[in-house]
1. Based on the Cα atoms of the stretch 118-260, what semi-axes does the equivalent ellipsoid have, where each is the square root of 5 times one gyration tensor eigenvalue, given in whole Å with the largest first?
2. Enter the accessible area per residue of the stretch 163-260 (Å², integer; probe 1.4 Å; all protein chains in place).
3. What order, most packed first, do the peptides 47-58, 213-224 have when packing is the mean number of other Cβ atoms within 10 Å of each residue?
4. With just the Cα atoms defining each centre, how far is the stretch 190-234 from the stretch 79-101? Give it in Å.
5. Rank these by accessible area, largest first, 1.4 Å probe: 148, 193.
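The values are calculated or read from the model by the stated rules, or taken from the named source; none is laboratory data. Keep in mind it's a predicted model, so treat the numbers as computed, not measured. Note that we place each Cβ from the backbone using ideal geometry, even for glycine, and neighbour counts take in every protein chain shown. Side chains are part of the model used for accessible areas, which takes the heavy atoms of the whole protein and leaves out ligands, DNA and RNA. Shrake-Rupley method; radii C 1.70, N 1.55, O 1.52, S 1.80 Å.
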Amino acid sequence: MKALACSSLGLFLLFAVPATAVRAQSPGSTEASKAEPASEKGLRNLVFEAKHRDVVDLSAAVRIMGSGVHGAALSFSREFRTITVRDLPENVAAIEAALKRLDIAEPPRPDVELHLFVLVASQAPAPSARVPEELVRVIEALKATLHYKTYSLAASFTERVRDGSRDIHGEGVAEIDDDRGGKPGKRVMQAEYGINQLSVDKDGSAVRIRLDGFKLALVGGGRAQLKTDVTLADGEKVVVGTSTVQDKGLVVLLSARVIR
(Lines give C-alpha, C1' and ligand atoms only; values in the text may rest on other atoms or scores of the structure.)
Protein backbone atom coordinates (compact mmCIF):
# COMPACT_ATOMS: atom_id res chain seq x y z
CA MET A 1 0.00 0.00 0.00
CA LYS A 2 2.82 2.46 0.74
CA ALA A 3 4.43 1.78 -2.64
CA LEU A 4 1.15 2.49 -4.40
CA ALA A 5 0.75 5.80 -2.56
CA CYS A 6 4.23 6.94 -3.63
CA SER A 7 3.48 6.07 -7.25
CA SER A 8 0.24 8.05 -7.19
CA LEU A 9 2.03 11.08 -5.75
CA GLY A 10 4.71 10.83 -8.40
CA LEU A 11 2.07 10.64 -11.11
CA PHE A 12 0.35 13.74 -9.72
CA LEU A 13 3.59 15.78 -9.73
CA LEU A 14 4.40 14.70 -13.27
CA PHE A 15 1.18 16.20 -14.61
CA ALA A 16 1.33 19.25 -12.35
CA VAL A 17 4.63 20.60 -13.77
CA PRO A 18 3.36 21.42 -17.32
CA ALA A 19 0.35 23.18 -15.88
CA THR A 20 2.61 25.36 -13.72
CA ALA A 21 4.81 26.17 -16.73
CA VAL A 22 1.82 27.19 -18.81
CA ARG A 23 0.53 29.45 -16.02
CA ALA A 24 4.01 31.07 -15.74
CA GLN A 25 4.20 31.87 -19.48
CA SER A 26 0.69 33.27 -19.89
CA PRO A 27 1.22 36.69 -18.24
CA GLY A 28 4.43 37.31 -20.26
CA SER A 29 2.73 36.42 -23.54
CA THR A 30 -0.14 38.77 -22.77
CA GLU A 31 2.24 41.65 -21.97
CA ALA A 32 4.22 41.05 -25.21
CA SER A 33 1.06 41.09 -27.33
CA LYS A 34 -0.04 44.36 -25.74
CA ALA A 35 3.39 46.07 -26.09
CA GLU A 36 3.41 46.37 -29.90
CA PRO A 37 -0.01 48.02 -30.31
CA ALA A 38 0.84 50.37 -27.44
CA SER A 39 4.02 51.57 -29.22
CA GLU A 40 2.12 52.11 -32.50
CA LYS A 41 -0.52 54.18 -30.76
CA GLY A 42 2.18 56.62 -29.66
CA LEU A 43 3.51 57.25 -33.18
CA ARG A 44 3.05 60.57 -34.97
CA ASN A 45 2.60 61.22 -38.71
CA LEU A 46 4.22 63.95 -40.81
CA VAL A 47 3.87 64.84 -44.50
CA PHE A 48 6.67 67.17 -45.57
CA GLU A 49 6.45 68.95 -48.95
CA ALA A 50 9.85 69.62 -50.53
CA LYS A 51 10.10 72.95 -52.34
CA HIS A 52 13.72 73.13 -53.47
CA ARG A 53 15.67 69.87 -53.19
CA ASP A 54 15.06 66.38 -54.55
CA VAL A 55 12.96 64.18 -52.24
CA VAL A 56 15.23 61.18 -52.85
CA ASP A 57 18.30 63.05 -51.59
CA LEU A 58 16.38 64.51 -48.64
CA SER A 59 15.01 61.11 -47.62
CA ALA A 60 18.47 59.52 -47.74
CA ALA A 61 19.85 62.31 -45.53
CA VAL A 62 17.30 61.90 -42.70
CA ARG A 63 16.43 58.19 -42.84
CA ILE A 64 19.05 57.34 -40.22
CA MET A 65 17.22 59.59 -37.73
CA GLY A 66 14.30 57.15 -37.46
CA SER A 67 13.78 55.24 -34.21
CA GLY A 68 13.32 51.82 -35.81
CA VAL A 69 10.41 50.92 -33.50
CA HIS A 70 7.61 48.71 -34.75
CA GLY A 71 5.39 50.67 -37.13
CA ALA A 72 7.88 53.46 -37.85
CA ALA A 73 8.34 54.25 -41.56
CA LEU A 74 9.70 56.87 -43.99
CA SER A 75 8.70 57.08 -47.65
CA PHE A 76 8.69 59.65 -50.45
CA SER A 77 6.73 60.53 -53.59
CA ARG A 78 8.50 62.15 -56.51
CA GLU A 79 5.17 62.89 -58.19
CA PHE A 80 3.89 64.99 -55.28
CA ARG A 81 7.36 66.02 -53.99
CA THR A 82 6.48 64.82 -50.50
CA ILE A 83 8.17 62.85 -47.72
CA THR A 84 5.93 60.92 -45.32
CA VAL A 85 7.23 60.04 -41.86
CA ARG A 86 5.64 57.90 -39.14
CA ASP A 87 7.64 57.63 -35.93
CA LEU A 88 7.88 58.57 -32.27
CA PRO A 89 7.07 62.25 -31.65
CA GLU A 90 10.64 63.19 -30.73
CA ASN A 91 12.03 61.50 -33.87
CA VAL A 92 9.43 63.12 -36.09
CA ALA A 93 10.26 66.54 -34.63
CA ALA A 94 13.99 66.01 -35.25
CA ILE A 95 13.40 64.78 -38.81
CA GLU A 96 11.12 67.72 -39.60
CA ALA A 97 13.68 70.20 -38.30
CA ALA A 98 16.43 68.56 -40.39
CA LEU A 99 14.28 68.59 -43.54
CA LYS A 100 13.58 72.30 -43.13
CA ARG A 101 17.31 73.01 -42.79
CA LEU A 102 18.18 70.93 -45.85
CA ASP A 103 15.35 71.95 -48.18
CA ILE A 104 16.76 75.32 -49.18
CA ALA A 105 17.31 76.83 -52.61
CA GLU A 106 20.71 76.13 -54.10
CA PRO A 107 22.82 79.14 -55.09
CA PRO A 108 22.61 79.82 -58.83
CA ARG A 109 25.14 77.80 -60.81
CA PRO A 110 27.24 79.61 -63.42
CA ASP A 111 27.47 78.66 -67.08
CA VAL A 112 30.77 77.68 -68.66
CA GLU A 113 31.64 78.40 -72.28
CA LEU A 114 33.76 75.58 -73.69
CA HIS A 115 35.93 75.84 -76.80
CA LEU A 116 37.38 72.64 -78.24
CA PHE A 117 39.93 72.75 -81.09
CA VAL A 118 41.37 69.86 -83.09
CA LEU A 119 44.60 70.84 -84.86
CA VAL A 120 46.41 68.84 -87.53
CA ALA A 121 50.20 69.00 -87.42
CA SER A 122 52.32 68.11 -90.43
CA GLN A 123 55.91 68.19 -91.67
CA ALA A 124 54.78 69.33 -95.11
CA PRO A 125 54.62 73.07 -95.80
CA ALA A 126 51.12 74.50 -95.87
CA PRO A 127 51.08 78.23 -96.59
CA SER A 128 47.30 78.38 -96.50
CA ALA A 129 46.95 76.73 -93.10
CA ARG A 130 43.85 78.00 -91.28
CA VAL A 131 44.56 79.04 -87.69
CA PRO A 132 42.31 81.17 -85.44
CA GLU A 133 43.94 84.31 -84.08
CA GLU A 134 43.38 83.19 -80.49
CA LEU A 135 45.55 80.10 -81.11
CA VAL A 136 48.57 81.79 -82.68
CA ARG A 137 50.59 81.98 -79.46
CA VAL A 138 49.65 78.44 -78.49
CA ILE A 139 50.80 77.10 -81.85
CA GLU A 140 54.13 78.92 -81.57
CA ALA A 141 54.68 77.10 -78.27
CA LEU A 142 53.67 73.79 -79.87
CA LYS A 143 56.23 74.20 -82.66
CA ALA A 144 58.97 74.36 -80.05
CA THR A 145 57.88 71.12 -78.38
CA LEU A 146 56.35 68.86 -81.06
CA HIS A 147 58.63 69.93 -83.94
CA TYR A 148 55.99 69.87 -86.66
CA LYS A 149 56.33 72.56 -89.35
CA THR A 150 52.69 73.51 -89.85
CA TYR A 151 49.43 73.43 -87.92
CA SER A 152 45.94 73.81 -89.32
CA LEU A 153 42.49 73.70 -87.79
CA ALA A 154 40.57 70.50 -88.55
CA ALA A 155 37.53 71.02 -86.30
CA SER A 156 36.24 73.27 -83.55
CA PHE A 157 33.34 73.09 -81.12
CA THR A 158 31.76 75.70 -78.88
CA GLU A 159 29.27 74.77 -76.18
CA ARG A 160 27.71 76.52 -73.21
CA VAL A 161 27.29 74.17 -70.25
CA ARG A 162 25.81 74.68 -66.78
CA ASP A 163 27.99 73.94 -63.75
CA GLY A 164 27.19 70.44 -62.49
CA SER A 165 25.97 69.15 -65.88
CA ARG A 166 26.46 65.46 -66.64
CA ASP A 167 26.71 63.36 -69.82
CA ILE A 168 27.72 66.17 -72.17
CA HIS A 169 28.10 65.09 -75.81
CA GLY A 170 28.85 66.67 -79.15
CA GLU A 171 29.78 65.58 -82.65
CA GLY A 172 30.82 67.04 -85.99
CA VAL A 173 33.15 66.64 -88.93
CA ALA A 174 36.92 67.13 -89.03
CA GLU A 175 38.66 67.85 -92.35
CA ILE A 176 42.31 66.84 -92.60
CA ASP A 177 44.65 67.72 -95.47
CA ASP A 178 45.47 64.54 -97.36
CA ASP A 179 48.19 64.64 -100.00
CA ARG A 180 48.59 60.91 -100.49
CA GLY A 181 49.12 59.96 -104.13
CA GLY A 182 50.75 63.30 -104.92
CA LYS A 183 47.44 65.16 -105.19
CA PRO A 184 46.14 67.55 -102.51
CA GLY A 185 42.82 66.60 -101.01
CA LYS A 186 40.77 66.35 -97.83
CA ARG A 187 40.14 63.41 -95.55
CA VAL A 188 36.85 63.69 -93.71
CA MET A 189 36.66 62.18 -90.23
CA GLN A 190 33.76 61.96 -87.78
CA ALA A 191 34.58 63.79 -84.55
CA GLU A 192 32.80 62.96 -81.30
CA TYR A 193 33.50 64.22 -77.79
CA GLY A 194 31.97 63.62 -74.37
CA ILE A 195 32.30 64.75 -70.76
CA ASN A 196 30.97 62.75 -67.83
CA GLN A 197 30.57 65.81 -65.60
CA LEU A 198 31.56 69.48 -65.61
CA SER A 199 31.97 71.35 -62.34
CA VAL A 200 33.27 74.74 -61.21
CA ASP A 201 35.40 74.78 -58.06
CA LYS A 202 36.06 78.03 -56.19
CA ASP A 203 38.85 78.51 -53.66
CA GLY A 204 38.77 82.14 -52.63
CA SER A 205 39.33 84.18 -55.78
CA ALA A 206 40.73 81.20 -57.72
CA VAL A 207 38.28 79.46 -60.06
CA ARG A 208 39.00 76.04 -61.54
CA ILE A 209 36.91 74.17 -64.09
CA ARG A 210 36.99 70.38 -63.87
CA LEU A 211 35.98 68.06 -66.69
CA ASP A 212 35.64 64.50 -65.45
CA GLY A 213 35.91 61.78 -68.06
CA PHE A 214 36.68 63.96 -71.09
CA LYS A 215 37.02 61.94 -74.31
CA LEU A 216 37.44 62.69 -78.00
CA ALA A 217 37.40 60.27 -80.93
CA LEU A 218 38.12 60.82 -84.63
CA VAL A 219 37.02 58.05 -86.96
CA GLY A 220 37.36 57.73 -90.75
CA GLY A 221 40.36 56.41 -92.70
CA GLY A 222 41.88 55.65 -89.32
CA ARG A 223 41.00 56.21 -85.70
CA ALA A 224 42.37 58.47 -82.98
CA GLN A 225 41.05 58.66 -79.42
CA LEU A 226 41.84 60.51 -76.21
CA LYS A 227 40.46 59.88 -72.72
CA THR A 228 41.45 61.88 -69.65
CA ASP A 229 40.27 64.12 -66.81
CA VAL A 230 40.97 67.81 -67.38
CA THR A 231 41.29 70.70 -64.91
CA LEU A 232 41.97 74.24 -66.09
CA ALA A 233 41.76 77.78 -64.78
CA ASP A 234 39.07 80.19 -65.85
CA GLY A 235 40.01 81.45 -69.35
CA GLU A 236 43.01 79.13 -69.68
CA LYS A 237 43.89 77.20 -72.86
CA VAL A 238 45.43 73.78 -72.37
CA VAL A 239 46.66 70.97 -74.59
CA VAL A 240 44.49 68.03 -73.61
CA GLY A 241 46.49 65.51 -75.59
CA THR A 242 48.06 64.51 -78.89
CA SER A 243 47.61 61.58 -81.23
CA THR A 244 48.47 60.59 -84.82
CA VAL A 245 46.59 59.57 -87.94
CA GLN A 246 49.10 58.01 -90.35
CA ASP A 247 51.72 60.72 -91.02
CA LYS A 248 49.74 63.54 -89.38
CA GLY A 249 49.73 64.64 -85.78
CA LEU A 250 46.53 65.58 -83.96
CA VAL A 251 46.56 68.12 -81.14
CA VAL A 252 43.49 68.69 -78.97
CA LEU A 253 43.18 72.11 -77.31
CA LEU A 254 40.55 73.10 -74.81
CA SER A 255 39.64 76.42 -73.23
CA ALA A 256 36.91 77.26 -70.74
CA ARG A 257 35.48 80.53 -69.47
CA VAL A 258 33.02 81.01 -66.62
CA ILE A 259 30.11 83.24 -67.62
CA ARG A 260 29.00 85.27 -64.61
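1. Working: eigenvalues 170, 60, 28 Å².
Listed largest to smallest, the semi-axes of the stretch 118-260 are 29, 17, 12 Å.
2. Details: 5160 Å² over 98 residues.
Result: 53 Å² per residue.
3. Details: 47-58: 14.8, 213-224: 17.5.
Ranking the peptides 47-58, 213-224 by packing returns 213-224, 47-58.
4. For the stretch 190-234 versus the stretch 79-101, the Cα centre distance is 41 Å.
5. Numbers: 148 55, 193 20 Å².
Largest accessible area first, the residues go 148, 193.
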